[in-house]
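Input: a single structure, listed below in structure tokens.
The values are calculated or read from the model by the stated rules, or taken from the named source; none is laboratory data. Quick caveat: nothing in here was measured; it's all calculated off a predicted structure. A quick note on method: Cβ atoms are made from the backbone with ideal geometry, for glycine too, and the neighbour counts reach across all protein chains shown.
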Amino acid sequence: MHSRKILTSLVLALALLMMAPVVQADPVVTDEIQGTVEDSLGRPLSGVSMTLKTSEEKVVGKTQSDAKGHFVFSGVAPGTYGVLGEKTGFQASTAIVTVEAGSIATTTLTLTAQEALEVSVIAERLTQARNSLSPKTGGSMYSMDLGEINALPEGQNTPLNEVLLQMPGVAKDSYGLIHVRGDHANLQYRINGVILPEGITGFGQALDTRFIDKVDLLTGALPAQYGYREAGVIEIETKSTFETGGRVDLYGGSHSTVEPSFQVGGSKGQLSYYVTGSYLGNDLGIENPTPDEPAIHDHTDQAKGFAYFSYFVDPTTKLSLILGSYDGWFQIPNNPGQPPNPEYLAGVGIADYNSSLLNERQYENNYYGVLALQSSIGSNFDYQLALFSRYTSVNFLPDPIGDLVFVGTASNVFLSSLSAGLQGDSSYHLNDAHTIRMGFFWSDEDVVSDNASTVFPVDANGNVSGPPFTISDNNPKNGNILLAVYAQDEWKPIDKLTINYGLRFDEMNAYVAANQLSPRFGVVYKATPETTLHAAYARYFTPPPTELVQSKTLFLFENTSNAPLNLLNSPVQPERSHYFDVGVTQKITPELNIGVDTFYKITKDLIDEGQFGQALIFTPFNYQYGKIFGGELTGSYHAGNFSAYANLAITRSIA
């Protein structure tokens, strides 16, 4: 009997042990949540009241952030929680955090100053109104916002051309110039919807990535609003609202790269401002012409500045001022072991010259300003008027002796362009089915083209016949006019279908006078919430880049070591083309998007650019006819802080 009681007690104890997971008391909690609180400029915020809530809104913890913005909730049971941060003068912020057993969960909260938030609400409303002025129906559009730029390996230190390389159909040549869908240059930059007058192409990137909040690349057959340069329209939205404060960064790496930068911003009442500046120095300013490291004579110094000021006159009216600058200095890299011309050596009275000691340089300057008024009349009419100006120059300085003995000419080339103009865009929401848009563009450009070339005189057989002398060939051209007007209608006959049709008239009066009336038509059909199809046609009129047209007086160089092969020098004509674009985008999952696009362009007087002199400055010329066609496959994946891009583009150009 006693043994049976002992056995019964053992069985009961075992049963209780087996039941223990079901009936045990609350577990011992040892996990924690920790994190930091920042303002919108990334600075730590102290004294923030932190509250921890369960999914049932039960408060289970309270604390405050320390001087470094750090906070900790200890002894937290596994589960999902809401972390709330509150501080006087700031908008409250919440983060959702999941705590797993045996782990520490981390999070970061960003609190926006209340004053900046009120300005931000007005700014966002006006940004949406401004965006309504710029339709993107029918063509292909690829976008990157500030978060995606920050996720790049170099973050906001990434040059703008490298940012654009994430987009399909974009290629970069050895000088850093961007090509879209097989076109040479032919790119248009817009800042907050305003066309930035074209600058002289150089080696540096005049626009800084740091001031960008979002960048779109529009390509293909575009609506009537877009003209002048159509291979790619790069729409840049600037950062527009800021909390008072700033930051200083230092970035560096291989090739003696050093890049300090600063950003300062603030808001006071209805005024917001943002200023950024940077310096870049390295020893690989231009592509190394040899496989050897390091490059010889390849240092660069570049400085950039950007300032944005906006003032909200009232909730529907904003006055903004944009100022930008770029100054670049480049050594032209040398290729050692090159033999000089014996005749040219004798002509300057020296026995030899080491090509690794050449001292060619190039200076580049780019300054621009935009004053824009954006407003609304009633609830259906939005408009923007903008005055703009830009000065840009390039100066190539030769090695006065070295260039003579290697190529027979030493050319000091200076090109500059000063342009100013007015742009207006408007949209009228007629009804739920129709939005009418219209606008105009006018610019006046003065161009300087100076060339001082030291050359040898030669006889009829091409032999040097005397000492070197200098030829001055200066050809300014003022009053180069571009004018355009457009009108278009965005029609939504049904919810899934959008049709954009319009007309654009362009006229130019520069080295040649020409004009064209261009129809545009685009369709976007959203077959399902995940599938969008588009097709478009555009007639394009592309003026040659006036600032690059060097009207060289060829006969001056006859019977010299820089004589042209012939005296033909016909003016560059505007390019006229028909453009067709068809594509589809598909959202595979919320994180994964893919797209396919095809295009076909038929061109008369196809514009290309080439180097026709000693200076590394490109000059436009025409092919009589041309075709460009191809296809693009693009994919993007975004999940949390992870982003990935995959692009495949095939382009064929025939001229």
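Within segment 225-264, the set of residues being among the aliphatic types (A, V, I, L, M) and within 16 Å of the chain's Cα centre (by Cα) comprises Ala231, Val233, Ile234, Ile236. For the condition assigned by TED's automatic domain parsing to the domain that holds Gly402, under 30 Å from Asp444 (Cβ atoms) and in a strand (DSSP E or B), Tyr279 does not qualify.
Inside segment 31-76, residues that are in a loop (DSSP other than H, G, I, E, B) and among the hydroxyl-bearing types (Ser, Thr, Tyr) make up a count of 4. Looking only at segment 285-320, count how many residues are touching a residue at least 60 places away in the same chain (Cβ under 8 Å), outside any strand (DSSP E or B) and more than 18 Å from Asp399 (Cβ to Cβ). So the count comes out to 3.
The single condition among (1) loosely packed, with under 15 Cβ neighbours inside 10 Å; (2) at pLDDT below 90 that Leu117 does not meet is (1). Contact map, segment 140-163: residues that are part of a loop (DSSP other than H, G, I, E, B) paired with residues that are aliphatic (A, V, I, L, M), Cβ distance under 8 Å, separation 6+ or inter-chain. Pairs shown: Leu152/Val163; Thr158/Ile149; Thr158/Leu152. I'd like to know if segment 437-446 contains one or more residues that are surrounded by fewer than 20 Cβ atoms within 10 Å (Cβ to Cβ) and either among the hydroxyl-bearing types (Ser, Thr, Tyr) or outside any strand (DSSP E or B) (or both). No, because not a single residue in segment 437-446 is surrounded by fewer than 20 Cβ atoms within 10 Å (Cβ to Cβ) and either among the hydroxyl-bearing types (Ser, Thr, Tyr) or outside any strand (DSSP E or B) (or both). Looking only at segment 378-392, residues that are more than 21 Å from the chain's Cα centre (by Cα) and at pLDDT 90 or above come to 6 in all.
Within segment 222-273, the residues that satisfy the criterion of being in contact (Cβ under 8 Å) with a residue 60 or more places away in the chain, part of a strand (DSSP E or B) and closer than 30 Å to Phe629 by Cβ are Gly232, Ile234, Glu235. Scanning segment 321-361 for residues that are aliphatic (A, V, I, L, M) and either over 42 Å from the mean Cα position of the chain (by Cα) or not assigned by TED's automatic domain parsing to the domain that holds Glu293 (or both) turns up Leu345, Ala346, Val348, Ile350, Ala351. From the list Ala105, Ala95, the one residue that fits, being outside the structural domain of Phe312 (by TED's automatic domain parsing), at pLDDT 85 or above, farther than 19 Å from Leu45 by Cα and not hydroxyl-bearing (Ser, Thr, Tyr), is Ala105. When the test is whether a residue is outside the structural domain of Met438 (by TED's automatic domain parsing), charged (D, E, K, R) and within 30 Å of Leu373 (Cβ to Cβ), Asp208 passes it. Filtered by the rule that a residue be under 20 Å from Gln423 (Cβ atoms), modelled with pLDDT of 85 or more and among the small types (Gly, Ala, Ser), segment 205-229 gives Ala224, Gly227.
Find the residue count for segment 403-452, including only residues that are β-branched (Val, Ile, Thr) and under 30 Å from Trp491 (Cβ atoms). Residues meeting the conditions: 2. Entry remark, segment 321-351: residues being without any contact (Cβ under 8 Å) to a residue 60 or more places away in the chain and within 27 Å of Asn288 (Cβ to Cβ) number 9 in total. Per the conditions (1) without any contact (Cβ under 8 Å) to a residue 60 or more places away in the chain; (2) buried (at least 16 other Cβ atoms within 10 Å of the Cβ); (3) among the β-branched types (Val, Ile, Thr), the sole criterion not satisfied by Thr470 is (2). Residues in segment 169-204 that are modelled with pLDDT of 75 or more and more than 14 Å from the chain's Cα centre (by Cα) were compared, and the one that is nearest to Ser310 (Cα to Cα) is Val194. Of everything in segment 284-304 that is modelled with pLDDT of 90 or more and surrounded by fewer than 16 Cβ atoms within 10 Å (Cβ to Cβ), the residue that is nearest to Phe262 (Cα to Cα) is Ala303.
Residues in segment 323-349 that are part of a loop (DSSP other than H, G, I, E, B) and of a type in the set (Gly, Ala, Ser): Gly337, Gly349.
Considering segment 34-56, the residues that are of a type in the set (Ser, Thr, Tyr) and touching a residue at least 60 places away in the same chain (Cβ under 8 Å) include one that is nearest to Glu100 (Cα to Cα), namely Thr36. Number of residues in segment 447-470 that are modelled with pLDDT of 90 or more and not in a strand (DSSP E or B) equals 7. Taking each residue of segment 396-418 that is in the same structural domain as Phe557 (by TED's automatic domain parsing) and looking for partners that are of a type in the set (Lys, Arg) with beta-carbon atoms closer than 9 Å, six or more apart or interchain, yields Phe396/Arg361; Leu397/Arg361; Pro398/Arg361; Asp399/Arg361; Ser417/Arg390; Leu418/Arg390. Considering segment 249-281, and only residues there that are among the charged types (D, E, K, R) and within 16 Å of Phe211 (Cβ to Cβ), the residue that is surrounded by the fewest Cβ atoms within 10 Å (Cβ to Cβ) turns out to be Asp249. Of the set (1) out of contact with any strand residue (DSSP E or B) (no Cβ under 9 Å at 6 or more places or on another chain); (2) crowded, with 18+ Cβ neighbours inside 10 Å, all apply to Asp459 but (2). Scanning segment 46-97 for residues that are in contact with a strand residue (DSSP E or B) (Cβ under 7 Å, 6 or more places away or on another chain), among the polar types (S, T, N, Q) and surrounded by 12 or more Cβ atoms within 10 Å (Cβ to Cβ) returns Ser49, Thr51, Thr54, Thr63, Gln64, Ser65, Ser74, Gln91, Ser93, Thr94.
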